[in-house]
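To start, the structure under review is shown below, and the notes come after it.
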C-alpha cells in the first residue's frame, strides 16, 4: 500500500527513483487521472538525474493539442519492487498517470491534509 496526502486539492504521492543504478531519491508527484502515461518530470529534473534517453514522441494534451516530448527510462521502487517505467520530460511539476495506477485501487480524501491511498485491487 502507498500513502500520500492532499495538499492544495492535489493528491500527492512520493515515489522512490533509483538514481544511477544504486542510490535512491524520493520525489513527490501529483496524481493526474487525465494523464494515461506513467510519469512526467520537468526537463531540468531529468537532466539533474541523468536519466537515459529513449525516444521522441508526440504527446496529446488535455486541450487536444499535440507536442513533441522526450521519453526517458527510469527505475522506481513501487510497492517494494523495482519497476522499469518511462517518464516524459515535460511540464512544471512531476505527475503520476494512470499507466502507473493500472491494476491498483486509488482512494483520495479531497480535503486539505486528506489521505491518498494506492493499494492492490482486492
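Rule-based calculations on the coordinates, nothing more; no lab input. In this text, all values refer to a predicted model and were calculated from it rather than measured experimentally. Virtual Cβ from ideal backbone geometry, glycine too; neighbours counted across all protein chains shown.
Only helices enter the 222 nm calculation for the chain: every DSSP H run of n ≥ 4 contributes -39,500 (n - 2.57), and dividing by all residues gives -2000 deg cm²/dmol, rounded to 500.
Label separation (residue 24 vs residue 119): 2.2 nm, computed from points 7 Å beyond Cα along the C-beta direction. Looking at the chain alone, DSSP beta bridges between its own residues are antiparallel in about 90 percent of cases. Among 33, 68, a tally of other beta-carbon atoms within 10 Å of each Cβ gives an order, fewest to most, of 68, 33.
If a/c stays under 1.5 just call it rounded; otherwise compare a/b with b/c (prolate if a/b is bigger, oblate if not). Do that for segment 46-116, with a ≥ b ≥ c from the square roots of the Cα gyration tensor eigenvalues. Judged from the Cα gyration tensor, segment 46-116 comes out oblate (a/c at least 1.5, b/c at or above a/b). For residue 81 and residue 36, a Förster radius of 22 Å and the Cβ-Cβ distance give a FRET efficiency of 0.50, rounded to the nearest 0.05.
Residue separation times 0.36 nm, minus the C-alpha to C-alpha distance between residue 48 and residue 68: what's the value?
Roughly 5.1 nm would be gained on extension.
Per residue, the convex hull spanned by the Cα atoms of segment 2-120 amounts to 106 cubic angstrom.
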